Each structure stands twice: as structure tokens, then as C-alpha cells.
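A.B. asks: First the structure, then my questions, so here it is.
The values are calculated or read from the model by the stated rules, or taken from the named source; none is laboratory data. All values derive from a computational prediction rather than experimental measurement. A quick note on method: Cβ atoms are made from the backbone with ideal geometry, for glycine too, and the neighbour counts reach across all protein chains shown.
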Amino acid sequence: MNTSGGIVLNRNSQVLLIFRKGKWDLPKGKPEFNESPKITAKREVVEETGISSEHLFVRSFLAKTTYYKKSSKGKLKERTANWYLMYYSNLCLTTKPQLEEDISIIRWVDIDQIEKYANFGRCYMKKMVSFLLSNKFEAHVAHQLSI
């Protein structure tokens, strides 16, 4: 099953991170019936972090990553995550972790501090942070957020 999530940036050039099951992560999750990956990504970000849907804008598709998750029988299953660039326009950065998803902390992190968190994050988060820090991404973000 494919999942979808977002790299959420705010006007202070901070990225929204969650802490789930002992590791830093990016918000993502499974689609509901007949839901597009883009809609899934936005819904999951809102549900997992408690930020306002009306101030969250999906700007563009960024990348797909592959990761492995153990099934109930203990076998590794390959999963794909669709990642979207999102912009959060609200000045209020209050969050509320979705406890039933084992999310214990939500943090807005300055881009120049993001690598510290990625070192304690899930494998796909490390890939997306590398992408985030590339020059190509910085130009992409500047263009997308100015639209």
C-alpha cells in the first residue's frame, strides 16, 4: 500500500517534524477510500499534527521514497511514500500530536538544524532531508512558495 505525506514549511523557514515510536519522522499516512495521494498527504499532516487545514497549502509533488515495514507475520513488505511540498501560512504555530498514532512530540525545526533530527529519524526522512538541503530543492522551494 502506498502512503503520502508532506514536508511542511512555514514563513520562518522551519520544517514540521513529528516524533513517533522513538524516532523523528515526517507526517504521512494511508489513503482513505478513493482518496488521491495529494489529498491523503494534506489530511494526514492535519490529523497527525493538529495544524489548521485552511492555512495548509500543497504546492507540488516532490518525490517517492521506498521503505520496508514488518507485516503482522513478521515479513518485510515494501511500501512507497509520495511526498509533497506544503506551505503553512498561519502565524500561530500551535500543534497537537495525534496520540493514537503514537506521536508524542511535534516540533517546528529550523532548516539549518534539520540534519541533527534526521540522524535520529526514519530512513525515508533522511532521504527527504538530503533532498531538502540540496541546492536544487532550495530553488524549487523559493519558486513554489512565491506562487
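A.B. asks: What do you reckon, is G5 free of Cβ contacts under 8 Å to residues at least 12 places away in the same chain and within 21 Å of E115 (Cα to Cα)?
C.D. replies: No; evaluated as a whole, the condition is false for this residue.
Let's see how each residue does on (1) surrounded by 11 or more Cβ atoms within 10 Å (Cβ to Cβ); (2) assigned to a loop (DSSP other than H, G, I, E, B):
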residue	(1), (2)
I51	yes, yes
F61	yes, no
K64	yes, no
K73	no, yes
E78	no, no
Y87	yes, no
T94	no, yes
I106	yes, no
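A.B. asks: Filter segment 27-60 for residues that are small (G, A, S) and in contact with a helix residue (DSSP H, G or I) (Cβ under 9 Å, 6 or more places away or on another chain); which is nearest to I7 (Cα to Cα)? First the steps, then the outcome.
C.D. replies: The first filter runs over segment 27-60 and keeps only residues small (G, A, S), leaving 29, 36, 41, 50, 52-53, 60.
Add one more test, that the residue is in contact with a helix residue (DSSP H, G or I) (Cβ under 9 Å, 6 or more places away or on another chain), and what stays is 29, 52-53, 60.
On the way: G29: 13, S52: 15, S53: 15, S60: 10 Å.
Only one residue tops the list, namely S60.
A.B. asks: Considering E32, E44, which residue is closer than 20 Å to T95 by Cβ and among the acidic types (D, E)?
C.D. replies: When all the criteria are applied, what remains is E44.
A.B. asks: Which condition from (1) out of contact with any His (no Cβ under 7 Å at 6 or more places or on another chain); (2) surrounded by fewer than 15 Cβ atoms within 10 Å (Cβ to Cβ); (3) of a type outside the set (D, E, K, R) is the one that V46 breaks?
C.D. replies: (2)
A.B. asks: Could you tell me which residue of segment 13-29 is modelled with the lowest pLDDT, considering only residues that are surrounded by fewer than 21 Cβ atoms within 10 Å (Cβ to Cβ), touching an Asp or Glu at 6+ places or on another chain (Cβ under 8 Å) and part of a loop (DSSP other than H, G, I, E, B)?
C.D. replies: Checking each candidate, the answer is S13.
A.B. asks: Something else about it: Within the set of pairs 6 or more residues apart or between chains, which connect a residue that is in contact (Cβ under 8 Å) with a residue 60 or more places away in the chain and within 26 Å of N90 (Cβ to Cβ) inside segment 50-75 to a residue that is surrounded by 13 or more Cβ atoms within 10 Å (Cβ to Cβ) and hydroxyl-bearing (S, T, Y) with Cβ atoms less than 7 Å apart?
C.D. replies: Once the first residue is in contact (Cβ under 8 Å) with a residue 60 or more places away in the chain and within 26 Å of N90 (Cβ to Cβ) and sits in segment 50-75, its partners that are surrounded by 13 or more Cβ atoms within 10 Å (Cβ to Cβ) and hydroxyl-bearing (S, T, Y) give R59/Y87; S60/Y84; L62/Y84.
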